[in-house]
Amino acid sequence: METRLTKLETEFVHVRKDLDDIRSEQKDIRNILGEMRITLARLPSKGELFGYTATVAAIAFAIVALFVAVLAYLQDQRIAGNAVVAPPAAAVAPAPLPAAAPPATGK
């Protein structure tokens with residue numbers, strides 16, 4: 001009976017050690033979950049992400065529109081600068097074609 005009691009006491013010591021390990025790991029997991037909660041609380045929500053996306057898209061659209069407007073303005077200025085109206089040309093008769101010389105014969 002004494003050996004059985006000693007064996008039970010030894011197993012109880014091992015079980016107690018295992019429970020202490022489990023308790024220690026549980027505390028570590030609790031700390032990790034707390035850190036994750038803090039990290040997740042700092043992340044933007046879906047609504048905020050939609051707002052950020054809409055803002056970036058609106059800014060990009062405005063930049064493209066401004067670029068197109070500047071190009072159109074410059075194109076108009078270039079066309080307006082080349083729109084110098086030339087005075088009508090005087091009616092000039094075309095110059096007569098020179099008469100062709102007869103082919104030379106080799107004699």
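From the list ILE38, ILE63, exactly one residue is among the β-branched types (Val, Ile, Thr) and loosely packed, with under 10 Cβ neighbours inside 10 Å. Which is it?
None of the other options fit; the residue is ILE38.
One line per residue, one yes/no per condition, for (1) of a type outside the set (A, V, I, L, M); (2) at pLDDT below 90:
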residue	(1), (2)
ASP20	yes, no
ILE29	no, no
VAL70	no, no
ALA89	no, yes
PRO102	yes, yes
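The values are calculated or read from the model by the stated rules, or taken from the named source; none is laboratory data. Fair warning: this is a prediction, and the values are worked out from it, not measured in the lab. Because the Cβ atoms are built from the backbone with ideal geometry, glycine has one as well, and the counts that use them run over all protein chains shown.
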